[in-house]
Amino acid sequence: MADSQGFVGVFDSGVGGISILKCLIDELPHEDFRFFGDSANAPYGDRSADEVLALSRAITDAMVSEGAKAVVIACNTATAAAAEPLRRAYPDVPIIGVEPALKPAVLANLQGRVLVMATALTLSLEKFHRLSKRWGSAAEVIPVPCVGLVDRIEHGDLDANDLHALLESLVGEHRGSVDGVVLGCTHYPFVKQQIREVLGDVAFYDSGEGTARRLRSQLEEHGLLATRDRAGTVSFASSRDTQEELALYERFFAMQI
Ligand code: DGL
């Protein structure tokens, strides 16, 4: 049975979920967080939904058996593929997912043009189709499957010329003609500045703060909020278990986004 002394497990296919983790810590500084990045199996967005479900299930099983009181799926792709089955498997553990922040983007840009940058898998699944149908009449919603972008970010060199060239080929055609950009993959907030260099001054929308508020309300509802006064702890683990990889996670964690 989960109890308030337990930790919050947070996972993603790799470094991207660290953008969510930072918001979770801002919102809930007394909680202990354990982050797991499945970098050995990234990118999830190029896999089948069944594969992403199996990978997400294995990570969640391990976190719950180690004492997680809640699990945050800090990945849009894994949320779309796995959140519902995982909630059915663990009815007593709050499982919080992320989804592209299309609602706030559309509400802030009514009748405007809104790009949704996400993985090919996220954009192909029912969850996004429903979201797009719900909000697509109030603004023009333009989905952009960003094949290759997670891979580039996982390499860690965010100033590389080929990263800039990839962004140019993915979104360059929309320069000067979009009002808002939804960062529908948790890796992308780390390249916000690089996207701005291609698209100019646009408004960005991501899922970090909304996910953090949702985690707080779920912990409150289940009586699982940490009761201690000290600051919480944070630890990192990766399926690519090397010093270099963990140093990369620490570097992304320290980054201003
Ligand atoms: N950060 C994941 C997401 O939010 C990336 C998925 C991937 O590995 O392709 O979708």
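Nothing in this text is a laboratory measurement; each read-out follows from the coordinates by a stated rule. In this text the structure is predicted, and so the values were computed from the model without any measurement. Neighbour counts run over all protein chains shown; Cβ positions are idealised from the backbone, glycine included.
Okay, here's what the table says:
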{"read-out": "Within-13-Å neighbourhood charge of G17 [Cβ basis; K, R +1; D, E -1]", "value": "-2"}
{"read-out": "For the stretch 124-139, 3J(HN,Hα) per residue [Karplus equation, 6.51 cos²θ - 1.76 cosθ + 1.60, θ = phi - 60°, Hz, x = Gly/Pro]", "value": "8, 8, 3, 4, 6, 4, 5, 4, 5, 5, 5, 10, x, 8, 8, 7"}
{"read-out": "Residues whose placed amide H lies under 5 Å from that of I142, excluding near-sequence neighbours", "value": "V114, L115, V116"}
{"read-out": "Of G67, G14, G37, the one that fluctuates the most in a GNM where the chain has Cα springs shorter than 10 Å", "value": "G67"}
{"read-out": "The stretch 1-153: relative contact order in percent, alpha carbon pairs under 8 Å with at least 6 residues between", "value": "24 percent"}
{"read-out": "Charge dipole of the stretch 122-257 about the Cα centre (unit charges at C-beta), most positive-ward option of L224, S238, V144", "value": "L224"}
{"read-out": "Note, ³J(HN,Hα) from phi for the stretch 10-19, Karplus 6.51, -1.76, 1.60, rounded to Hz, x at Gly and Pro", "value": "10, 9, 8, 5, x, 6, x, x, 5, 5"}
{"read-out": "The chain, dipole about Cα centre (Lys/Arg Cβ +1, Asp/Glu Cβ -1), debye to the nearest 20", "value": "760 debye"}
{"read-out": "Extension gain (nm, one decimal) between E244 and V147, 0.36 nm per residue minus Cα-Cα", "value": "32.4 nm"}
{"read-out": "Relative contact order [Cα under 8 Å, 6+ residues apart], the chain, whole percent", "value": "30 percent"}
{"read-out": "Formal net charge of residues neighbouring Q193 (Cβ-Cβ distance under 15 Å; K, R +1; D, E -1)", "value": "-3"}
{"read-out": "Amide H contacts under 5 Å for V234, placed H, 5+ residues apart", "value": "F33"}
{"read-out": "Average Cα contact separation per residue, the stretch 1-87, under 8 Å, 6 or more apart, as relative contact order %", "value": "45 percent"}
{"read-out": "Phi to ³J(HN,Hα) by Karplus 6.51 cos²θ - 1.76 cosθ + 1.60 over the stretch 102-117, Hz, x for Gly, Pro", "value": "6, 4, x, 5, 5, 5, 7, 9, 4, 6, x, 10, 10, 7, 10, 8"}
{"read-out": "Label-point separation, D162 to Q5 (7 Å along Cα→Cβ), nm", "value": "4.9 nm"}
{"read-out": "Residue with peak Gaussian network fluctuation, the chain [Cα springs, cutoff 10 Å], from K133, K192, K69", "value": "K133"}
